[in-house]
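Just below is one structure, and these are the notes that go with it.
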Amino acid sequence: QVQLVESGGGLVQAGGSLRLSCVASGHKFSTYAMGWFRQAPGKEREFVAGISWNGGRTFYPHSGEGRFTISRDNVNNTVYLRIDSLKPEDTAVYFCAADTVPLPGWVEAEYEYWGQGTQVSVSS
């Protein structure tokens, strides 16, 4: 069993940056691929970024536009998501998820463990 706890969300102005953190419990974190998803009100949850078990490969959808950076620290069981040049349309609840395979999936059904989410709100 893996428990994931996100933090770092908040209210920021457009153009600013945030770094979200997700701390995982359990000793198998370093073997799991990790992903970040987000869900805006009235919309489906969407993939934002993924990272392989050792951090050697990262994955972003085309819509990421280079503003998202995922990274991980396997010593401290933490995965991060940095968002630069925030836009109002980035407003959403951001979730981290663990995929019990070395490479991350692109859809939420591929992930076994989820955090409770952290709210990011961007004002114009």
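The values are calculated or read from the model by the stated rules, or taken from the named source; none is laboratory data. Note that the coordinates shown come from a computational prediction; the quantities given were computed from them, not determined experimentally. Don't worry about glycine lacking a Cβ; one is built from the backbone with ideal geometry, like all the others, and counts go over all protein chains shown. For accessibility, only protein heavy atoms count, side chains too; no ligands or nucleic acids. Shrake-Rupley method; radii C 1.70, N 1.55, O 1.52, S 1.80 Å.
Laid out as a table, the results:
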| quantity | calculated |
| --- | --- |
| Residue 20 vs. criteria farther than 19 Å from residue 71 by Cα and hydrophobic (A, V, I, L, M, F, W, C) | no |
| Residue count, segment 1-36 (criterion: closer than 20 Å to residue 56 by Cα, open to solvent by less than 60 Å² (accessible area, probe 1.4 Å) and not in a strand (DSSP E or B)) | 3 |
| Test result for residue 49, over 17 Å from residue 75 (Cα atoms), out of contact with any Gly (no Cβ under 9 Å at 6 or more places or on another chain) and open to solvent by less than 30 Å² (accessible area, probe 1.4 Å) | no |
| Leading residue by the ranking (farthest from the chain's Cα centre (by Cα)) among those in segment 98-118 that are small (Gly, Ala, Ser) and in a loop (DSSP other than H, G, I, E, B) | 105 |
| Restricting segment 55-77 to residues that are surrounded by fewer than 18 Cβ atoms within 10 Å (Cβ to Cβ) and of a type in the set (S, T, N, Q), the residue that is farthest from residue 20 (Cα to Cα) | 63 |
| Residue identified as acidic (Asp, Glu), farther than 21 Å from residue 7 by Cβ and surrounded by 13 or more Cβ atoms within 10 Å (Cβ to Cβ) among 110, 44 | 110 |
| Residue in segment 71-78 that is closer than 19 Å to residue 120 by Cα, touching a Lys or Arg at 6+ places or on another chain (Cβ under 9 Å), at pLDDT 95 or above and not β-branched (Val, Ile, Thr) present | yes |
| Test: residue 85 is in contact (Cβ under 8 Å) with a residue 60 or more places away in the chain, out of contact with any strand residue (DSSP E or B) (no Cβ under 9 Å at 6 or more places or on another chain) and not hydrophobic (A, V, I, L, M, F, W, C) | yes |
| Scan of segment 56-97 for residues that are assigned to a loop (DSSP other than H, G, I, E, B) and closer than 18 Å to residue 4 by Cα, ordered by number | 74, 75, 76, 77 |
